[in-house]
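The values are calculated or read from the model by the stated rules, or taken from the named source; none is laboratory data. It should be emphasised that the depicted structure is a prediction, and the values quoted were computed from it without experimental measurement. Glycine also receives a Cβ, built like all others from the backbone with ideal geometry; neighbour counts cover every protein chain displayed. When the accessible area is computed, the model is the full protein with side chains, heavy atoms only, and any ligands, DNA or RNA have been set aside. Shrake-Rupley method; radii C 1.70, N 1.55, O 1.52, S 1.80 Å.
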Amino acid sequence: MAILPPGVSAESFASAIREFQDAVGRDWVFTSDDDLYSYRDHFSYIKDQPNELIPSAAVGPDTTEQVQAVVRTANKYKIPLYAISTGKNFAYGGPSPNVRGSVTVDLKRMNRILVCDDKRHFALVEPGVSYIDLYRHIQQNKLNVWVDTPDPGWGSLIGNAMDHGIGYTMGFYRDHFGAHTGMEVVLPNGEVMRTGMGAMPASQSWQEYRHGYGPDPCGLFGQGNFGIVTKMGFRLMPAPEHWRNGLVTVPKREDLIPLIEAVNYLCDLSMCGEPWYGSPLMGLMGNTEFRDAAMSFNESAMDRLAASAKLHSWQVELQFYGSERTTLANWEYAKEIVARKVPGARFTDGESLKTPLTREQIASTTGPYPTNMRRNITQGVPGLGIWYMTGRTENNPNAWNETHIGLFSLIGRSGEAVLKAQKDFADVARKLEMPSLFPNALQTPVNWYQFAFLMGNGFGLGRGDNSPAGKLAATAKLREVLRENAALGYGDYRAPPILQDDVADQYSFNDFVLRRFTEQLKDAIDPNGIISPGRAGIWPAPFRSMRGGMRS
Ligand SMILES: Cc1cc2nc3c(=O)[nH]c(=O)nc-3n(C[C@H](O)[C@H](O)[C@H](O)COP(=O)(O)OP(=O)(O)OC[C@H]3O[C@@H](n4cnc5c(N)ncnc54)[C@H](O)[C@@H]3O)c2cc1C
């Protein structure tokens, strides 16, 4: 199926392909259906539909100079490019572009680890370096640092950060874009720019002071379309000697309020790593009386039934890093802080392990999910275990459904906000006559460096109906969810291309001044609009009429 970039003739496209081949080598320009298969989003709700977001070609540069040459050719023929690092952004569109017929710039070949400094605690990498690559490099060279990894370890530090991805160790490192230390970018006109101290030709401290002097433009490149990042630095966590975890449980639903207050205090003092909240009450949903109480948010009935089933209402798992002695002291201090605020809290010691984990520890399953996966990931060990959730394999034919969209609605980091959001989202589900994967009263917040609830397929949309019409209906429902949530003040932090305009619409303060500002910049910096038009709802003038096009 030959696809052309929008508005580009077959002759021009053929000339552009020849120029791309001259720039990166014939073997690294892909145009056949077979080759382009891997640049499609196989979780997409519009897979195999006429509007599926498929590229017309892909090019694989090996150097920054080759990226520059590709960008210059794209400008000459007005071809939209879409840069990916490892292209594993599944749940958020995978490698697929915003504009059908774009040329994918696949940066996997640029996979050099340029610096990994375990005294100053940073790495400088190219886009193709995955979390697994960096982890292996650290192990092989016995370096004294950890990498904060997202659940799937095959993604790249740069690609993940460029979509504002998140991880699972200490707060500072979990915000992957926030933990970056400067970047090199090929701008839409083909020039190379370095940010922060990297703008000084003889800089000795590029990775150590990311602001440099004057305005820091880095934010424009994260979830933006202002350039192609070819190098980026990241702060790394010094490897601690010891790790331990502990479980805190509280009896009543409303105990969540003081529990979160106490845990926020500990996290913001950097005394513990990611708090992992949960509730065992899902196990009671088979009990009709409990189910009725949960569905109607009858808090006192839920508390009574939980107590008679000898279950707590909430739990949070805490991680501690340091020496054996300091992790114990921090855990003891955490118990003290929580106990002061929540009199009924109970504490269970978890594991206490010398680090790094041995191969046997990494491979072992010491309990039901997510025990060992969480132990690995909270210690910077990348893996792919999470695919048990979504991966449809011969052994697991019923894993979730054919499609998968991640949408996480952000909520305030307080118990009041969580309890209110549970009710708000239940109201939205009722209003839109939607099924709910989780009974809303039991949905637990995910805490990276902010709180979020899983939306998207979390509502069970599209489950069981994988026909094109069923998927279309599910996507339309998601759009309604986004609108209803926005009216209640809940925004999303990330979305696949088919929903990016809808999420961008949530950010409408002062007549969309934020979008008007970024589009004004986009038009000035990228007049042909060739770099990822439409990404994050930022449409350059030549493509602006495509805004909202995925809704039809
Ligand atoms: C079950 C499951 C669990 C997941 N868990 C997590 C998780 O814990 N944390 C998390 O963050 N994500 C998670 N994800 C989402 C996703 O898989 C990861 O974020 C993954 O790391 C993103 O893929 P990537 O690193 O290959 O990025 P890419 O796909 O390479 O890049 C992502 C996007 O960033 C832009 N981009 C990439 N490189 C560049 C560049 N060099 N210059 C300019 N723009 C660029 C492009 O728009 C691109 O589409 C999960 C997904 C699934 C399905």
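Out of all the residues in the stretch 533-545, which are open to solvent by 40 Å² or more (accessible area, probe 1.4 Å) and either of a type in the set (A, V, I, L, M, F, W, C) or in contact (Cβ under 8 Å) with a residue 60 or more places away in the chain (or both)?
Once the filter is applied, which keeps residues that are open to solvent by 40 Å² or more (accessible area, probe 1.4 Å) and either of a type in the set (A, V, I, L, M, F, W, C) or in contact (Cβ under 8 Å) with a residue 60 or more places away in the chain (or both), the stretch 533-545 yields ALA541, PRO542.
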Inside the stretch 208-230, can you point out the residues that are within 16 Å of the ligand (Cβ to nearest atom) and either in a loop (DSSP other than H, G, I, E, B) or over 18 Å from GLY178 (Cβ atoms) (or both)?
PHE221, GLY222, GLN223, GLY224, ASN225, PHE226, GLY227, ILE228, THR230
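For every residue, the table says whether it meets (1) at pLDDT below 95; (2) outside any helix (DSSP H, G or I); (3) closer than 23 Å to MET162 by Cβ.
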| site | (1), (2), (3) |
| --- | --- |
| GLY470 | yes, no, no |
| VAL481 | yes, no, no |
| ASP501 | no, no, yes |
| ARG515 | no, no, yes |
| GLN520 | no, no, yes |
| ASP523 | no, no, yes |
| PRO527 | no, yes, yes |
| SER545 | no, no, no |
What number of residues within the stretch 522-532 are more than 12 Å from PHE221 (Cα to Cα) and either touching a helix residue (DSSP H, G or I) at 6+ places or on another chain (Cβ under 9 Å) or buried (at least 19 other Cβ atoms within 10 Å of the Cβ) (or both)?
7
Quick check on PRO150: is it closer than 16 Å to GLY273 by Cβ, within 7 Å of the ligand (Cβ to nearest atom) and in a loop (DSSP other than H, G, I, E, B)?
yes
May I ask you to list the residues in the stretch 68-87 that are among the hydrophobic types (A, V, I, L, M, F, W, C), crowded, with 24+ Cβ neighbours inside 10 Å and touching a helix residue (DSSP H, G or I) at 6+ places or on another chain (Cβ under 9 Å)?
VAL70, ALA74, ILE79, LEU81, ALA83, ILE84
Under the condition of being β-branched (Val, Ile, Thr) and surrounded by fewer than 24 Cβ atoms within 10 Å (Cβ to Cβ), which residue from the stretch 57-67 is nearest to the ligand (Cβ to nearest atom)?
THR64
